[in-house]
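Colleague: Please find one structure pasted underneath; my questions will follow.
The values are calculated or read from the model by the stated rules, or taken from the named source; none is laboratory data. What you see is a predicted model, and the numbers here were worked out from it, not measured in a lab. Here the Cβ positions follow ideal geometry from the backbone for every residue, glycine too, while neighbour counts run over all protein chains shown. Surface accessibility is based on the protein's heavy atoms, side chains included, excluding ligands, DNA and RNA. Shrake-Rupley method; radii C 1.70, N 1.55, O 1.52, S 1.80 Å.
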Amino acid sequence: MQVFNFCAGPAMLPVEVMQKAQAEMLDWQHQGVSVMEVSHRSAEFIELAHNAETNLRQLLNVPDDYHVLFMHGGGRGQFAAIAMNLLGESGKALYLNSGQWSKAAAVEARRFAQVDELSIVESMEGKQQVVLPELKSDMGDYRYLHYCPNETVDGIEIHEPINSPWPVIADMSSCILSRPIDVSQFGLIYAGAQKNIGPSGLSLVIVKKSLLELPALPMPSIMDYRITAANESMFNTPPTYALYLAANVFQWLQQQGGIEAMGLKNQRKADELYAYIEQSHFYRSGVAATNRSRMNVTFQLADESLNGEFLAQAKARGLLALKGHRAVGGMRASIYNAMPHQGVVALIAFMDEFARNN
Ligand SMILES: *Cc1c(COP(=O)(O)O)cnc(C)c1O
């Protein structure tokens with residue numbers, strides 16, 4: 001039975017990447033040892049890390065005045081690192097609240113600095129919709145504006161760019177590399193790896209160099225962007241196996257035709273799934289059409305007492321991890337880059353059969 005894993009994170013990785021990792025497990029680059037067992041300072045590993053950065057820069061068209069940093073501590077590690085690195089002694093920041101993750105980012109930043117928060121989601125006819133406020137410089141003396149373009153838990157995506165007088169910081173943990181972006185519109189982009197990049201434990205930071213000119217708060221060296229940049233992301237031992245897999249995912253993305261091609265595939269997968277949900281009376285989406293996530297498709301059964309049965313039958317069919325996050329309930333199909341179109345086709349076929357039988 002073919003299994004399709006819809007887990008929101010850690011999420012499935014491209015099967016070709018996993019096969020390559022399997023083939024190289026005991027013998028990486030003819031050294032007779034695993035990549036896990038070699039020094040991060042060895043010529044081979046340094047080349048791997050350089051290639052990872054170069055390929056990522058190419059994929060996302062990262063301008064030269066941005067650092068690309070590979071760090072520890074996932075997405076939440078960055079919630080703290082951003083505040084410590086960019087706010088200094090007296091800095092303030094503005095956080096847009098569009099769901100669970102952006103809210104959590106603001107809570108963490110408040111441990112270190114003053115944070116103002118603006119709620120930008122409204123409920124219209126029972127559907128959640130993002131209403132972006134007009135942002136004006138006289139609203140406050142902010143060092144940056146933080147937002148989350150794709151709310152993994154809620155299934156809410158903000159598709160349009162944010163017009164902000166302050167540098168924009170985006171938590172792209174669950175949408176990085178899923179469609180083309182213009183990096184130059186952002187002060188900083190970050191992502192935990194375990195959705196669209198590789199395994200957990202690694203995080204990616206793309207930061208405009210000029211943002212690091214102001215003095216930062218004292219902080220652990222491994223969280224310091226300046227120290228990380230000065231040491232080419234190897235101040236201490238990086239999560240080497242995670243970086244190895246991420247490097248292979250970047251290569252895989254290039255073989256798929258890059259981010260533009262990926263974006264088209266992702267759009268098609270999401271469009272087909274939402275179109276099915278939309279015409280159904282058995283399922284519904286709680287998110288307005290303008291803000292539906294292409295990566296995390298949340299939906300509810302009209303009769304929620306069937307949730308358990310739906311999940312059990314889906315699992316028996318090899319459709320895994322469709323349960324929604326405990327904070328919001330319902331169902332969630334995460335369809336990141338690695339999810340083939342075939343997986344969405346299989347999910348729709350199952351949903352349709354389940355609806356007809358019930
Ligand atoms: C998963 C996720 C995080 C948290 O990642 P951790 O690595 O568990 O800290 C943060 N933001 C978003 C949008 C996420 O999807």
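Colleague: Based on Cα coordinates alone, diagonalise the gyration tensor for the chain, multiply each eigenvalue by 5, take square roots, and list the semi-axes in whole Å, largest first.
Modeller: Gyration-tensor ellipsoid for the chain: 33, 28, 16 Å.
Colleague: Report the antiparallel proportion of the DSSP beta bridges in segment 15-255 as a percent, rounded to a multiple of 5.
Modeller: 55 percent
Colleague: When only DSSP loop residues count, what trypsin sites (Lys or Arg not before Pro) in segment 263-358 have their Cβ near at most 16 other Cβ atoms within 10 Å?
Modeller: ARG326
Colleague: Nearest 20 debye, what's the magnitude of the dipole of segment 15-255 about its Cα centre given +1 on Lys and Arg Cβ and -1 on Asp and Glu Cβ?
Modeller: The dipole magnitude comes to about 280 debye.
Colleague: When the Cα atoms of segment 83-221 are enclosed in a convex hull and the volume is divided per residue, what value in Å³ results?
Modeller: About 120 Å³ per residue, rounded to a whole number.
Colleague: Taking the full set of protein chains and a 1.4 angstrom probe, give the accessible area of PHE282 in square angstrom, rounded to the nearest 10.
Modeller: Here the residue's solvent-accessible area equals roughly 40 Å².
Colleague: Another question about this same structure. Per residue, what accessible area does segment 56-108 have, given a 1.4 Å probe and all protein chains present, in Å²?
Modeller: 33 Å²
Colleague: Measuring from the lowest to the highest alpha carbon on each principal axis, how far does segment 145-270 reach, largest first, in angstroms?
Modeller: Taking max minus min along each principal axis of the Cα atoms, segment 145-270 gives 46, 39, 26 Å.
Colleague: Dipole of segment 46-174, Cα-centred, from +1 at each Lys and Arg C-beta and -1 at each Asp and Glu C-beta, to the nearest 20 debye?
Modeller: Here the size comes out at about 320 debye.
Colleague: Can I ask one more? Under a 5 Å amide H to amide H cut-off, with H placed in plane at 1.01 Å, what residues pair with LYS323 once short-range neighbours are removed?
Modeller: Correct list: ARG332.
Colleague: Any idea how many Lys pairs in segment 1-156 come in under 22 angstrom at the alpha carbon, given 8 or more places apart or on separate chains?
Modeller: Close lysine pairs under the 22 Å cut-off: 4.
Colleague: Something else about it: From the C-alpha gyration tensor of segment 185-255, pull out the three semi-axes of the equivalent ellipsoid (sqrt of 5λ each), sorted largest to smallest, in whole Å.
Modeller: Square roots of five times the eigenvalues give 24, 15, 10 Å.
Colleague: Of the options PRO239, GLN279, LEU135, report the single residue whose Cα projects farthest towards the positive end of the charge dipole of the chain (beta-carbon charges: Lys, Arg +1; Asp, Glu -1).
Modeller: GLN279
Colleague: Given q = 0.19 Å⁻¹, what are the Debye log10 I(q)/I(0) values for segment 23-98, with equal point scatterers placed on the Cα positions and solvent ignored?
Modeller: -1.01
Colleague: At what distance in nm do the modelled label points of GLN114 and GLN255 sit from each other, each positioned 7 Å from its Cα along Cα→Cβ?
Modeller: Modelled inter-label distance: 5.3 nm.
Colleague: Give the distance, in whole Å, between the Cα centre of segment 200-238 and the Cα centre of segment 163-196.
Modeller: Each part's Cα centre sits 17 Å from the other's.
Colleague: Using the charge dipole of the chain (Lys, Arg: +1 at Cβ; Asp, Glu: -1 at Cβ; taken about the Cα centre), state which of PRO10, ASN357, TRP252 has its Cα farthest towards the positive end.
Modeller: ASN357
Colleague: Next question, about the same structure. Calculated from DSSP H runs of 4 or more alone, at -39500 (n - 2.57) each and per residue, what is the 222 nm mean residue ellipticity of the chain, nearest 500?
Modeller: My calculation for the chain gives -11000 deg cm²/dmol from helical runs alone.
Colleague: Could you name the aspartates and glutamates whose alpha carbon sits less than 14 Å from that of LYS209, not counting residues in the same chain fewer than 8 places away?
Modeller: Partners within reach: ASP64, ASP65, ASP224, GLU232.
Colleague: What is the percent of Cα-Cα separations in segment 309-355 that go past 15 Å?
Modeller: 45 percent
Colleague: Right, another one. Would you work out what percent of the accessible area of segment 15-255, with all protein chains in place, is carbon or sulfur (probe 1.4 Å)?
Modeller: For segment 15-255, the apolar C and S fraction of the accessible surface comes to 49 percent.
Colleague: Right, next: Stretch LEU26-VAL107 to full length: gain in nm at 0.36 nm per residue minus the Cα-Cα span?
Modeller: 24.9 nm
Colleague: What full-extension length gain, to one decimal in nm, is calculated for HIS50 and GLN313 as 0.36 nm per residue of separation minus the Cα-Cα distance?
Modeller: 90.2 nm
Colleague: Given N residues in segment 271-348, what is Rg(Cα) / (2.2 N^0.38 Å)?
Modeller: Against the empirical 2.2 N^0.38 Å value, I get 1.03 for segment 271-348.
Colleague: If you find the alpha carbon centre of segment 67-93 and of segment 122-151, how far apart are they in angstrom?
Modeller: 20 Å
Colleague: Please list, or write none, the lysines whose alpha carbon is within less than 16 Å of the alpha carbon of LYS315, excluding same-chain residues fewer than 8 places away.
Modeller: The reachable lysines, counting only those whose Cα sits under 16 Å from LYS315, are LYS323.
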